[in-house]
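Written below as structure tokens is the structure these notes are about.
The values are calculated or read from the model by the stated rules, or taken from the named source; none is laboratory data. On a predicted model such as this, the values are computed, not experimentally measured, just so you know. Using ideal geometry, Cβ is built from the backbone for each residue, glycine included, and neighbour counts are taken over all protein chains shown.
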Amino acid sequence: MTFLRQSLAIAAKDLRSEIRTKEALNASLAFAVVIFLLFSFAFDPANLNIDVNDYAGGLLWLAFAFAGALALNRSFARELQNDCLDALVASPAAPGVLFLGKALANFALLLAVEIVSLAVFSVLYDVRLRAQLGWIVLVMFLTTWAITVIGTAFSALTVNLRMRELMLPILTYPFLIPALLAAILLTADLFAGKPISAGNAIWLRVLVAFDVIFSLLSVVFIDIVLVG
Amino acid sequence: MESPLWSATPSRCALDVEGVWKYYGDFPALREINLQVATGSTVALLGRNGAGKTTLLRILAGLSKPTQGKVSVKGADARQESTRRRIGVLGHGIALYDELSAIENLLLFARLYGVPQPVKRSDEMLERTGLDRVRDGLVREFSRGMRQRLAVARVFLHDPDLLLLDEPFTALDDRAIAVLHSMLAETHRRGGTVVMSTHQLREALELATHVVLIQRGQIAFAGERRQEMLDDVGWLYRTYGDN
Amino acid sequence: MREKIMYLLAAAGIGLVTWTLYKVWFVLPKEANVAAYQILYFHVPAAFTAFTGFFTALALSGFYLGTGNLRYDALAAGVVEVALAFASINLITGMIWARYAWGIWWTWDARLTSMLTCWLIYAGYLILRRAIDEPTQRARLSAFLAILGCVDVAFVYKSIEWFRTQHPSPVLSIRSGGGMGPGMEAPIYWNWLAMLCLGTVLVIIRMRQEEISRAIDSLRRLAHAY
């Protein structure tokens, strides 16, 4: 239980910092809305001949992935100021605790950005959410955790590197393809009002497997990254 | 190079470094470091820049793993959780979060170190370092001296019995140094052990009971502090160093 | 000793490739169900070799983490580079074949798309290595990435395959157009063996480069230290 308690202490610390400055929150949110706007020029939701649901799922998750990277970059980077990372690693908290704490904080952050963005998105692109809201929320939780786990792990990986801001997206996005693919397909169906059935349940399983496996791998191996 | 080790039975050893090597690639930053630090001693770790002081301290603090060899603190491995609970580390940075208040910073570390009654203890430390009036102020707004004093508060928060300090006197102002001195004296009184690396020979030698000189990643001298060192700060380097 | 192994493997590799080229060009039928199917005999083994490389890198990273011996890291880096080269061969031959078979350069075929993703993942591995100067840190962080990368390869491959069963695209495969005759599959495996031999030679060369650069790095540190 110490593991969980220490993780929550670190998660609380990160969230408290972020809520006070709101830097990452505002930037990510603004970025997501800008992406929605830009995409409207490429895909023109006003064109009634194209069914918005054909591409809405993809668009949404692309925006979330891009906006998320903005927030994830800062995750371990903020520990470099004042040498805080050294103090955390030297503390009795296991490296897995540090990782989990930060992942939990990032998850909350990303989810907050996504919920607001989703509301904006449904207005801009006239997408009906109510029919399958429960499933949509579930898919959001699972995919956001996938993005968070990989993003946080790679944030730790790149924290001391020169080109940190560039390296994180380059490394993270190819890794996330299976999870994003699953999310896009599921969301496309859910936006069209179709529930999760035998046909697309496999994608839910992909998400769950991705989450479980990469969470375990990260927590177990993160000490390689954090301890010199 | 002779390295006379003062005798200490393993159980009385606060720190036992056995055959430690640290490689960065093919480059040996530390070579065959053997060191035993008896409980209750204050060790001044001296050496030129790049000699390996910081590398050694980082390994002792659990921030780095030796490529070869073993580090034990009171018989247990340095990376174990129970061991790290008893170690206090002060590095170059203050290791405090600018966006949190003084009390929030201390509470975070109190929770990570499993300090009993974290709020009470944190308030105690704030009082001892003269920061109780800015308890809820954000560290971002503190003066440099206040930040340094809070850093000192953080280091001693969990009552460590082994202190690892990397050039503590360099960054501190007078008031912070006074606080640090008093805390170190108290730790020493209670039988705690201190290892501090420093360039400020005078200050460190006055506090130290033992001296270790590192040269080119190896121990050039390890023994009790001698009068010659206090009289003439360069004596150690001239006698044991190879300038 | 290393030299002898290199020459032996190079000879074996070249010999095998020559033999399969002969078989493919002169022995097997000129036409089959799909146009220019001969390129398959390089396209498929290249993929096999690339994946062999990715898994080998995983094992080598594991050995490095277990022993701390930087030799394993140098090997892993070499293997990934060579695997990436073969992945590139797979992608390029795939594109050429698509042009002949379907008239377009890229068909979003499941296997090609997966290989492109794996290519990006391991290109990231090499970019990461470039960004780290200190050899021990580089080895540690690369090992972490190699472990996660190899597991992800499994996810990528399977998920894109399932995607394409639901949303079909033009498929680059001889099997889809009706089976291959007897004796037609063997050259694929011989070529795979050839590529493994040649790949190993390249890895050995690359590993030597990596070790020299590590020695230079330590000399530089020595010169600036103390």
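Would you call A:A9 more than 14 Å from every other protein chain (Cβ to nearest Cβ) and either assigned to a helix (DSSP H, G or I) or over 13 Å from A:L110 (Cα atoms) (or both)?
no
Right, B:E228: out of contact with any Pro (no Cβ under 7 Å at 6 or more places or on another chain), part of a helix (DSSP H, G or I), among the charged types (D, E, K, R) and without any contact (Cβ under 8 Å) to a residue 24 or more places away in the chain or not?
yes
Yes or no, residue by residue, for (1) under 21 Å from B:A178 (Cα atoms); (2) touching a helix residue (DSSP H, G or I) at 6+ places or on another chain (Cβ under 7 Å); (3) within 13 Å of chain A (Cβ to nearest Cβ):
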position: B:R31; (1), (2), (3): no, no, no
position: B:L45; (1), (2), (3): yes, yes, no
position: B:A78; (1), (2), (3): no, yes, yes
position: B:V115; (1), (2), (3): no, yes, yes
position: B:R121; (1), (2), (3): yes, yes, no
position: B:G130; (1), (2), (3): yes, yes, no
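Within the stretch A:1-24, track down each residue that is under 24 Å from A:P92 (Cα atoms) and either modelled with pLDDT under 90 or hydrophobic (A, V, I, L, M, F, W, C) (or both).
Residues satisfying the conditions are A:M1, A:T2, A:F3, A:L4, A:L8, A:A9, A:I10, A:A11, A:A12, A:L15.
Among the residues of the stretch C:80-104, which ones are at pLDDT below 90 and in contact with a helix residue (DSSP H, G or I) (Cβ under 9 Å, 6 or more places away or on another chain)?
C:W97, C:A98, C:Y100, C:A101, C:I104 - these are the residues of the stretch C:80-104 that are at pLDDT below 90 and in contact with a helix residue (DSSP H, G or I) (Cβ under 9 Å, 6 or more places away or on another chain).
What number of residues within the stretch B:70-119 satisfy the criterion of being of a type outside the set (G, A, S) and touching a residue at least 40 places away in the same chain (Cβ under 8 Å)?
20
Assuming B:P116 fulfils every condition listed in (1) in a loop (DSSP other than H, G, I, E, B); (2) in contact with a His (Cβ under 8 Å, 6 or more places away or on another chain); (3) farther than 21 Å from B:G62 by Cα apart from one, which condition is it?
The single condition B:P116 does not satisfy is (2).
Looking for whichever is in contact with a Phe, Trp or Tyr (Cβ under 6 Å, 6 or more places away or on another chain), within 14 Å of another protein chain (Cβ to nearest Cβ) and either in a helix (DSSP H, G or I) or over 25 Å from A:L207 (Cα atoms) (or both) here; the options are A:A153, A:A146, A:A93. Which one fits?
From the options A:A153, A:A146, A:A93, the qualifying one is A:A146.
Could you check the stretch A:172-215 and list, in sequence order, the residues that are in contact with a Phe, Trp or Tyr (Cβ under 7 Å, 6 or more places away or on another chain), at the interface with chain C (Cβ under 9 Å from one of its Cβ atoms) and more than 16 Å from A:W145 (Cα to Cα)?
Scanning the stretch A:172-215 gives A:L185, A:I202.
Checking the condition more than 10 Å from every other protein chain (Cβ to nearest Cβ), surrounded by fewer than 21 Cβ atoms within 10 Å (Cβ to Cβ) and not in a loop (DSSP other than H, G, I, E, B), which residue from C:L112, C:L126 passes?
C:L126
Of all residues in the stretch A:169-182, which are surrounded by 24 or more Cβ atoms within 10 Å (Cβ to Cβ) and more than 12 Å from the chain's Cα centre (by Cα)?
Correct list: A:L171, A:F175, A:P178, A:A182.
Please tell me if C:A77 is in a helix (DSSP H, G or I) and within 14 Å of chain B (Cβ to nearest Cβ).
So C:A77 passes the test.
So, in the stretch A:65-88, exactly how many residues are within 17 Å of A:E23 (Cα to Cα) and part of a helix (DSSP H, G or I)?
13
Does A:S215 satisfy being at pLDDT 95 or above, surrounded by fewer than 20 Cβ atoms within 10 Å (Cβ to Cβ) and of a type in the set (G, A, S)?
So A:S215 fits the description; yes.
With respect to the numbered conditions (1) touching a residue at least 24 places away in the same chain (Cβ under 8 Å); (2) surrounded by 15 or more Cβ atoms within 10 Å (Cβ to Cβ); (3) assigned to a loop (DSSP other than H, G, I, E, B), which one is the sole condition not fulfilled by C:A98?
(3)
Here is a list of conditions, (1) outside any helix (DSSP H, G or I); (2) within 19 Å of the chain's Cα centre (by Cα); (3) among the small types (G, A, S), and B:S182 meets all of them except one; can you say which number that is?
Failed condition: (1).
For C:R138, all conditions in the list (1) modelled with pLDDT under 90; (2) within 14 Å of chain B (Cβ to nearest Cβ); (3) crowded, with 21+ Cβ neighbours inside 10 Å hold save one; what is the number of the exception?
(1)
In the stretch B:186-202, what count of residues is obtained for those that are part of a helix (DSSP H, G or I), in contact (Cβ under 8 Å) with a residue 24 or more places away in the chain and under 24 Å from B:D159 (Cβ atoms)?
Within the stretch B:186-202, residues that are part of a helix (DSSP H, G or I), in contact (Cβ under 8 Å) with a residue 24 or more places away in the chain and under 24 Å from B:D159 (Cβ atoms) number 2.
If I ask for residues that are surrounded by 23 or more Cβ atoms within 10 Å (Cβ to Cβ) and either farther than 20 Å from B:L184 by Cβ or acidic (D, E) (or both), which ones from the stretch B:97-113 would you list?
B:Y97, B:A102, B:N105, B:L108, B:A110, B:L112
Against the conditions (1) part of a helix (DSSP H, G or I); (2) without any contact (Cβ under 8 Å) to a residue 40 or more places away in the chain; (3) more than 17 Å from A:A77 (Cα to Cα), where does A:V208 fall short? Just the number, please.
(2)
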